[in-house]
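Worksheet for the structure shown next.
The values are calculated or read from the model by the stated rules, or taken from the named source; none is laboratory data. Quick caveat: nothing in here was measured; it's all calculated off a predicted structure. All Cβ positions, even for glycine, are placed from backbone atoms using ideal geometry, and neighbour counts span all protein chains on display.
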Amino acid sequence: MEKTYRVVGIMSGSSMDGIDLALCSFTGQGRKWSYQLLDAVTVHMEEKWRVRLSQLQYQHAQVYVKTDVFFGRYLGELVKEFLEDAGTTADFVASHGHTVFHDPNGWVTAQIGCGQTLAATCGLPVVNDFRRFDVANGGQGAPLVGLGDEILFPETDFCLNLGGFSNISCHSGDKKLAYDISPCNIILNRLAREKGMAYDVGGAIAAAGEIIYPLLNRLDSIPYYSQSGPKSLSREWINREFWHHVRDFDDERLEDRMKTLVAHIGNQIGKNIELLADGNGTDRKVLVTGGGALNETLLDHIRAATDADIEVPDAGLLHFKEALIFGLLGVLRIENTPNTAGTYTGAKTDSIGGALHGDFSRLLQR
């Protein structure tokens, strides 16, 4: 029997430019669900939160625990205000949280934003902590959107997200795979802040630059790019394996460094699309979402590197697809249906991930 859920999906991405809240309606059963994006908002990430979250991995345990609680309360306040402004309510909240640690090879992944505090603050039950079970089950724990993309966008060969990291899911024929391709907005935004900007609006800074080929060649030679998926990236990886190459060219113009990073990202994305398409990118549809889809210079480089059809959706889906997907993952958790597929993440089996906080009794009795 089909059911309908109203869910607030929350996404706090690694680029730390904002927190996305999406009120979604899902109708269906099993692995067949349709959706409506009813309302959505992006709350700008305040500088105090950006600094605190970016430095949290270096703090002692008490600071970590306090930040987990305080960020959970902050998210709960955002949900409460969001629903009050919309004049409506929801059945529950599905929160991704904010990733602080991610090392699946060491069985570690941690997203803060205490679910119990979030639930107590907003007055709604909460599903969170989606990644940990998949990592414990031998998976990468990221990206988790593969199964959601397959369910909600079955007509699309590839779903490409240009967020803090670029990641792709492929559900073309028998091929089902999802993985992180490269850093994306997380590195572009770092450079933009040198100019006092939160991000490179429309890719204008990159458009004014020239490629620094010695830097581009070094970036393209990073070992991660020769590894096959499933695989995932983290802020720790950027600091350890990537950013020192960029710093070696600090004396070059900002515009040239930005153009080089955009060329690098575009080249890696195009290469992976062609690889997944078995060299036949023609007539393959790529749905592109995330803040990077507004960077016209980056899109130009991606289109130059692949024959696939690059499609940018309407603003609602462009900005809020990941919040939407985590809303669906929450629904599948409530339905006791696998919401993480091992074929996408590399885990030993499919799994039902997510911790429940608050009173779900009414929903579980449906």
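Once segment 31-64 is narrowed to residues that are part of a strand (DSSP E or B) and of a type in the set (Val, Ile, Thr), the residue that is nearest to Val8 (Cα to Cα) is Val41. The number of residues in segment 347-361 being more than 23 Å from Gly146 (Cβ to Cβ) and in contact (Cβ under 8 Å) with a residue 12 or more places away in the chain comes to 4. Out of Thr109, Thr67, Thr27, Thr4, one residue alone is within 21 Å of Arg131 (Cα to Cα) and assigned to a strand (DSSP E or B). It is Thr109. Looking only at residues of segment 302-321 that are assigned to a strand (DSSP E or B) and within 20 Å of the chain's Cα centre (by Cα), we find that the one that is nearest to Thr27 (Cα to Cα) is Glu311. Taking segment 87-101, which residues are part of a strand (DSSP E or B) and in contact with a helix residue (DSSP H, G or I) (Cβ under 7 Å, 6 or more places away or on another chain)? Across segment 87-101, the qualifying residues are Phe92, Val93, Ala94, Ser95, His98, Val100, Phe101. Beta carbons closer than 8 Å, at least 6 apart along the sequence or on distinct chains, pair a first residue in segment 102-127 that is without any contact (Cβ under 8 Å) to a residue 40 or more places away in the chain with a second that is hydroxyl-bearing (Ser, Thr, Tyr) and not in a loop (DSSP other than H, G, I, E, B) for Thr109/Thr99; Ala110/Thr99; Gln111/Thr99. Within the option set Glu77, Glu84, being touching a Cys at 6+ places or on another chain (Cβ under 9 Å) and either buried (at least 19 other Cβ atoms within 10 Å of the Cβ) or in a helix (DSSP H, G or I) (or both) holds for one residue only, Glu77.
Taking segment 150-162 as the range and being modelled with pLDDT of 95 or more and crowded, with 24+ Cβ neighbours inside 10 Å as the test, the residues that pass are Cys159, Leu160, Asn161, Leu162. Looking across segment 112-133, the residues that are assigned to a loop (DSSP other than H, G, I, E, B) and within 22 Å of Met16 (Cα to Cα) come down to Gly113, Cys114, Asp129, Phe130, Arg131.
Hey, can you tell me all the residues within segment 7-24 that are in a strand (DSSP E or B) and either surrounded by 22 or more Cβ atoms within 10 Å (Cβ to Cβ) or modelled with pLDDT of 95 or more (or both)? Across segment 7-24, the qualifying residues are Val7, Val8, Gly9, Ile10, Met11, Ser12, Ile19, Asp20, Leu21, Ala22, Leu23, Cys24. You will find that of Leu299, Leu324, the residue that is under 20 Å from the mean Cα position of the chain (by Cα), surrounded by 23 or more Cβ atoms within 10 Å (Cβ to Cβ) and either small (Gly, Ala, Ser) or assigned to a helix (DSSP H, G or I) (or both) is Leu324 and no other. Ala355 - would you say it is modelled with pLDDT of 95 or more and more than 18 Å from the chain's Cα centre (by Cα)? For Ala355, the condition - modelled with pLDDT of 95 or more and more than 18 Å from the chain's Cα centre (by Cα) - is met. Taken over segment 241-260, residues that are in a helix (DSSP H, G or I) and either more than 20 Å from Gly163 (Cα to Cα) or touching a residue at least 24 places away in the same chain (Cβ under 8 Å) (or both) amount to 13.
Per the listing Gln111, Gln116, Gln57, the residue uniquely surrounded by fewer than 23 Cβ atoms within 10 Å (Cβ to Cβ) and under 19 Å from Phe320 (Cβ atoms) is Gln111.
Here Gln62 meets the list (1) at pLDDT 95 or above; (2) surrounded by 12 or more Cβ atoms within 10 Å (Cβ to Cβ) almost entirely, failing just condition (2).
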